[in-house]
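Working notes, beginning with the structure itself.
The values are calculated or read from the model by the stated rules, or taken from the named source; none is laboratory data. Because the structure is a prediction, the values reported are computed rather than measured. Backbone-built Cβ (ideal geometry, glycine too); neighbour counts: all protein chains shown.
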Protein chains: 2
Amino acid sequence: MERMTIVGLGLIGGSLGLALKAAKLSDIEIVGYDTDTSAAVDARRLGAVDKTEPTLQRATAGAGLVILATPIVAMRGVMEEMAGGLRENCVVTDTASTKSLVMDWAGQLLPPSVSFVGGHPMAGKETAGVAHAEAALFTGKPYCIVPSPRASEGAVRMVVGLVRLVEAQPLFIDAEEHDRYVAAVSHLPLVLSSALFTLVRGSPAWPELAALASSGFRDVTRLASTDPELSHDICVTNREAVLHWLERMAEEISRYRELLVEGREEDLFKHFTRTQFDRDTYITAGPPTRTPVTADVPDLGERFAALIVGERLARRAREMSKARSERPGEGRPPKAGRRP
Amino acid sequence: MERMTIVGLGLIGGSLGLALKAAKLSDIEIVGYDTDTSAAVDARRLGAVDKTEPTLQRATAGAGLVILATPIVAMRGVMEEMAGGLRENCVVTDTASTKSLVMDWAGQLLPPSVSFVGGHPMAGKETAGVAHAEAALFTGKPYCIVPSPRASEGAVRMVVGLVRLVEAQPLFIDAEEHDRYVAAVSHLPLVLSSALFTLVRGSPAWPELAALASSGFRDVTRLASTDPELSHDICVTNREAVLHWLERMAEEISRYRELLVEGREEDLFKHFTRTQFDRDTYITAGPPTRTPVTADVPDLGERFAALIVGERLARRAREMSKARSERPGEGRPPKAGRRP
């Protein structure tokens, strides 16, 4: 019986557990740990883990794979605390929304015999906690994989296998690129959504404004309901990139203001027409360029399976890869580029 | 047989038609007109109107109620063109997202015998056109009513009845207040959503960014897919208020930047905690203060019914009012306040 441990049983940790349980891995025990005992009890009750342990050390000792799904800033302490008790060749991955600092911490704190492979599932919702966990949370979503310099090939394969098992799309990227890119498509929308909400909420006319607000306001401010610890940790661990994009956003708002102030109505119309066209294209056709990188994935899935779960999982991995390669436009994450 | 005419058979005009048809008004013929013949054909085919007419004059002549649901800027020309042919005591209403200019046009262009009562259903989606129309689009949504100074009491009642029939919540407000308020909760989110999309879309790294973008980016940029004519018309007809809120938004972004630059992590955490709490409260509890204004609404609905549809509708209006008053938290739109 191999042991896989999830540390941090919130929305993401709980959903990973449910997705892994749904994959019906044989000979794998999924162990959970959370500093919040009631979260641990809930995760067990909801079937996200097979068992829980009362301490981090007991939960991680002997595990072949440890998944850190705690708040970002807390990961440093978790690594420090569990480092001494990890088994030789243990693979550690995480789910943090920012990668550079987490990779640094892993490099400093985990023993050389352990392979760290950073991860970031591009999935979530504004309702935190294991009660909102879903097995299908990651289905079809990009899942960033950031191997550390000293991670073994086998460790990388294992994390790719994990990503495939939860039906996400593996996307290799380096930590700095990751942080600059997600600052644009994830952290900027988060801060903007919060800023829009706090601005309007802070108006003396808020009761009247709220009465008039409809689905547009609700959707654009949805991310203002994000778990505050996550919002805080993102801003603190990806500060420079978030600041960069906030600055650019202020400039973009100025561009719109100029169009209005100068009364350039025709330009405004052309601009909105182009914007609608581009967004509709993005929504219906998906990301613009995709470089096939899945040529060897069935093989990777197979080898991961052989590593810890045997033939049954290997069969499932092959089926999944096949199903995915038959769905056009999926399973082919892009090669990450250079400029943010 | 009384005649009700909808001018402009897009998403809003078409949805009003479907909602009115769903109310099964007897002795009322719903006539439609659109400069785009194929939209008119579709509206007829989808059952949003009973018949269409080939010209604006033919569609509006003899109508007891005319609903203008064209793009905002086009309303001026429509009023000018139909003014001469409207029957005595005709009631004209509109659905424009901005009210001040539309009220001015109505005052200047419609004959004194006609009552204009401005309207604005706070409902919509980013997919334009009658093909996306839904009878339930207005259900439970605020519907602003802005009577012109010379509108008769009966005309106001008729528009309140219309709002009730489409199951929306009537909310009396003056034109300038309306425009300042919706600039905050509707037009600012629209411009912001577009600006976020154009900023990120314009990055040289767009292919990589798009591959990483998930539901958060999609939701916050949803309004960038708004019909460009609507976005343009809103900015042009509510320029000052939109500029005011864009300026304030730029200041709000600066506040967030300062928190980051100064490394005030605890303040940042408190701030996000407060924001999440406030938004969750708003989402679960609805707008903060509501002043009951519906005491005489069953009566209004009844009188409207008597005006043009007879007893059967009056019964339905009573039932609807009753159902509404039994649902807590609904049917009590707030009294609009003063400051934006």
> Looking at B:186, B:97, B:203, which is the one that is touching a Gly at 6+ places or on another chain (Cβ under 6 Å) and either closer than 30 Å to residue A:143 by Cα or surrounded by 22 or more Cβ atoms within 10 Å (Cβ to Cβ) (or both)?
Replying inline: B:186
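Let's see how each residue does on (1) in contact with a helix residue (DSSP H, G or I) (Cβ under 7 Å, 6 or more places away or on another chain); (2) farther than 21 Å from residue A:17 by Cβ; (3) not β-branched (Val, Ile, Thr):
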| residue | (1), (2), (3) |
| --- | --- |
| A:55 | no, no, no |
| A:61 | yes, no, yes |
| A:69 | yes, no, yes |
| A:84 | no, yes, yes |
| A:93 | yes, no, no |
| A:99 | yes, yes, yes |
>> On the basis of being buried (at least 24 other Cβ atoms within 10 Å of the Cβ) and over 16 Å from residue A:220 (Cβ atoms), does residue B:212 make the cut?
In response: yes
> Taking the stated definitions as given, is residue B:304 modelled with pLDDT under 95 and either among the aromatic types (Phe, Trp, Tyr) or within 25 Å of the chain's Cα centre (by Cα) (or both)?
Replying inline: yes
> Would you pick out the residues in segment B:28-48 that are assigned to a strand (DSSP E or B) and out of contact with any helix residue (DSSP H, G or I) (no Cβ under 8 Å at 6 or more places or on another chain)?
Replying inline: B:29
> Hey, does segment B:213-224 have a residue that's assigned to a helix (DSSP H, G or I), touching a residue at least 24 places away in the same chain (Cβ under 8 Å) and more than 7 Å from chain A (Cβ to nearest Cβ)?
Replying inline: no
> In segment A:63-94, what count of residues is obtained for those that are polar (S, T, N, Q) and crowded, with 16+ Cβ neighbours inside 10 Å?
Replying inline: 2
> From the list A:145, A:173, which one is touching a Pro at 6+ places or on another chain (Cβ under 6 Å) and not hydroxyl-bearing (Ser, Thr, Tyr)?
Replying inline: A:145
> Name the residues in segment B:262-282 that are more than 7 Å from every other protein chain (Cβ to nearest Cβ) and hydrophobic (A, V, I, L, M, F, W, C), would you?
Replying inline: B:277
> Within segment B:226-261, restricting attention to residues that are among the small types (Gly, Ala, Ser) and surrounded by 21 or more Cβ atoms within 10 Å (Cβ to Cβ), which residue is farthest from the other protein chains (Cβ to nearest Cβ)?
Replying inline: B:241
> Restricting attention to segment A:10-26, does a residue exist that is within 19 Å of residue A:62 (Cβ to Cβ), in a strand (DSSP E or B) and touching a residue at least 40 places away in the same chain (Cβ under 8 Å)?
Replying inline: no
> When both residues are 6+ apart or on different chains and their Cβ atoms are under 7 Å apart, which pairs have a first residue that lies in segment B:80-109 and is touching a residue at least 60 places away in the same chain (Cβ under 8 Å), and a second that is among the charged types (D, E, K, R)?
Replying inline: B:98/B:179; B:99/B:179; B:100/B:176; B:100/B:179; B:102/B:94
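Within the bounds of segment B:157-165, is there any residue that is charged (D, E, K, R) and either in contact with a Leu (Cβ under 9 Å, 6 or more places away or on another chain) or more than 7 Å from chain A (Cβ to nearest Cβ) (or both)?
Checking segment B:157-165: at least one residue is charged (D, E, K, R) and either in contact with a Leu (Cβ under 9 Å, 6 or more places away or on another chain) or more than 7 Å from chain A (Cβ to nearest Cβ) (or both).
Can you tell me which residues in segment B:4-27 are over 21 Å from residue B:140 (Cα atoms) and either crowded, with 21+ Cβ neighbours inside 10 Å or not assigned by TED's automatic domain parsing to the domain that holds residue B:56 (or both)?
Scanning segment B:4-27 gives B:4, B:5, B:6, B:7, B:8, B:9.
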>> Among the residues of segment B:93-116, what is the count of those that are over 20 Å from the mean Cα position of the chain (by Cα) and polar (S, T, N, Q)?
In response: 2
>> Among (1) over 15 Å from the mean Cα position of the chain (by Cα); (2) farther than 28 Å from residue A:179 by Cβ; (3) buried (at least 16 other Cβ atoms within 10 Å of the Cβ), there is one condition residue A:60 misses while meeting the rest; what is its number?
In response: (2)
> Would you say residue B:230 is assigned to a helix (DSSP H, G or I), among the aliphatic types (A, V, I, L, M) and under 20 Å from residue B:74 (Cβ atoms)?
Replying inline: yes
> So which of A:136, A:123 is of a type in the set (A, V, I, L, M, F, W, C), part of a loop (DSSP other than H, G, I, E, B), within 14 Å of chain B (Cβ to nearest Cβ) and surrounded by fewer than 21 Cβ atoms within 10 Å (Cβ to Cβ)?
Replying inline: A:136
